[in-house]
Amino acid sequence: MLLPPWLEPLLTTPFFNVCRVHRDAARSECNMFCLDCNEDAFCFYCRSSRHKDHQVIQIRRSSYHDVVRVSEIQKLLDISGVQTYVINSARVLFLNERPQPKSGKGVAHICEICGRSLLDPFRFCSLGCKVVGIKRNGDTKNEASTMEGMSKRLVSSRHEQEEELREGSQQDMYPATPSPPASNTRRRKGIPHRAPFGS
């Protein structure tokens, strides 16, 4: 199976260290990765100077774990089968597996590689687990012949699928508000009076 040459370096790169060149600058954390250079993480200022016309993705943090926005990675890679999450109103996926105690009984969906419990019926908890699954199985059980071959999907078809999912989930999440039932109760007229004190 062919994986993009930048994928495994992306998954093993440490992010969010302070940039050695721009350590005194405000945005000096190394949270960017260049798909063309395929080297270490770099900061906002390094992007402007050394990676200006390159394909770059930004890595973000969620609970001390590295995530990437779905809108950025799906243009480059087939992410089908990987659990996504909404964090700070952006849909993201985790780069690597996250430690978790053994799943309890009654967990409906688990990652095929690390056993992490999943919220939805996906096969993998992270991009790293999907890579392990591809290497282990030789494919992703007929999902795609290669990740790279599927990585250049048409944006319009993906957009249509997302719209359908969004509309479907909103319909389920927000059912139509029922009209209030007809009421025959009458409003009380006048000033309410207290009951007399007993003697």
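Restricting to region 89-138, give me the number of residues that are of a type in the set (A, V, I, L, M, F, W, C), without any contact (Cβ under 8 Å) to a residue 60 or more places away in the chain and outside any loop (DSSP other than H, G, I, E, B).
First, pick out the residues of region 89-138 that are of a type in the set (A, V, I, L, M, F, W, C): 90, 92-95, 107-108, 110-111, 113-114, 118-119, 122, 124-125, 127, 129, 131-132, 134.
Pick out the ones that are also without any contact (Cβ under 8 Å) to a residue 60 or more places away in the chain and you get 90, 92-94, 107-108, 110-111, 113-114, 118-119, 122, 124-125, 129, 132.
Okay, now just the ones that are also outside any loop (DSSP other than H, G, I, E, B), so 90, 92-94, 110, 118, 124, 129, 132.
So the answer is 9.
Of the residues making up region 12-36, those that are surrounded by fewer than 16 Cβ atoms within 10 Å (Cβ to Cβ) and either among the basic types (Lys, Arg) or under 20 Å from the mean Cα position of the chain (by Cα) (or both) are 12, 14, 16, 20, 23, 27. When region 1-11 is limited to residues that are without any contact (Cβ under 8 Å) to a residue 60 or more places away in the chain and either of a type in the set (Lys, Arg) or in a loop (DSSP other than H, G, I, E, B) (or both), the one that is surrounded by the fewest Cβ atoms within 10 Å (Cβ to Cβ) turns out to be 5.
Residue by residue, here is whether (1) open to solvent by 40 Å² or more (accessible area, probe 1.4 Å); (2) touching a Cys at 6+ places or on another chain (Cβ under 8 Å) holds:
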site: 79; (1), (2): no, no
site: 83; (1), (2): no, yes
site: 99; (1), (2): yes, no
site: 110; (1), (2): yes, no
site: 121; (1), (2): yes, no
site: 124; (1), (2): no, yes
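Restricting attention to region 58-75 and to residues that are open to solvent by 20 Å² or more (accessible area, probe 1.4 Å) and of a type outside the set (Lys, Arg), the residue that is farthest from residue 4 (Cα to Cα) turns out to be 63. Residue pairs whose Cβ atoms lie under 8 Å apart, separated by 6 or more positions or on different chains, with the first residue in region 31-42 and in a loop (DSSP other than H, G, I, E, B) and the second of a type in the set (A, V, I, L, M), are 31/41; 31/59; 35/10; 35/56; 35/57; 35/76; 41/32; 41/59.
Of the set (1) touching a Lys or Arg at 6+ places or on another chain (Cβ under 6 Å); (2) at pLDDT 90 or above, all apply to residue 100 but (2). So which residues in region 44-88 are closer than 23 Å to residue 119 by Cα and part of a helix (DSSP H, G or I)? Within region 44-88, 70, 71, 72, 73 meet the criteria.
The values are calculated or read from the model by the stated rules, or taken from the named source; none is laboratory data. What you see is a predicted model; the values in this text were computed from it and never measured. Heads up, the Cβs are rebuilt from the backbone with ideal geometry, glycines too, and the neighbour counts pull from every protein chain shown. In case anyone asks, the SASA skips ligands and DNA or RNA and just uses the protein heavy atoms, side chains included. Shrake-Rupley method; radii C 1.70, N 1.55, O 1.52, S 1.80 Å.
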